[in-house]
Amino acid sequence: MAVERTVERTGEPTRRDAARNRELLVAAARRAFARRGPDVPLEEIASEAGVSRTTLHRHFAHREELASAVLEHNVADIEVRAAALSAVDDGAERLFHHLLDVQFEVPWLGRVVADGMPGTADLGERTAAALAPLLERARAQGRVHPGVTTEDVLLTLPMVMAVQAATAVGGAPSRESTTRAILHRGLFTTAPPAG
């Protein structure tokens, strides 16, 4: 019995360390992917997380698994935000602009989802489910144009990706505020946020 308790005690810190290392890797990957896209060298992510590449591979056998974990983290954040905005009059607008923030900050997300990375369909469904009640509340208050669906709102995200691609190719200045305003006006009856 005493031996079993010792094993449990020594196993517990190991599990905590493994969970902490996983969290560090996902956070480092999120930052690195935002800076350099999903093709950033894995050694750079491991280094930023303060772990070895072996530790990275112990948690994520393939780059796609790591990207999927980053996407999962982003969707979990969206779900938490949506829940916090459930009783707020402009909750749908605020969540919409958060989605745009994520797309502008991490444009590779749209590419990964469009490429059909395993697990992304479920994440898209979860995002839609988080947005739907806020959109219903906005519809009841007349804050969204009649007929606008959750799918319509989510369709704006690839539109942002297209604007970003056109800006990058043409070397034009950022069109973020203009894009936000146009998309907001197309979905909502309220004025776009200033700035």
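No lab work stands behind these numbers, since they all come straight from the coordinates. Just so it is clear, the model here is predicted, and its values are computed rather than measured. Heads up, the Cβs are rebuilt from the backbone with ideal geometry, glycines too, and the neighbour counts pull from every protein chain shown.
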Given 16-22, 160-166, the highest-first ranking by average Cβ count within 10 Å works out to 160-166, 16-22
Put in order of increasing Cβ neighbours within 10 Å, starting from the fewest, Arg94, Arg15 give Arg15, Arg94
Here segment 65-71 yields Karplus 3J(HN,Hα) values (6.51, -1.76, 1.60; θ = phi - 60°; whole Hz; Gly and Pro given as x) of 5, 5, 4, 5, 5, 5, 4
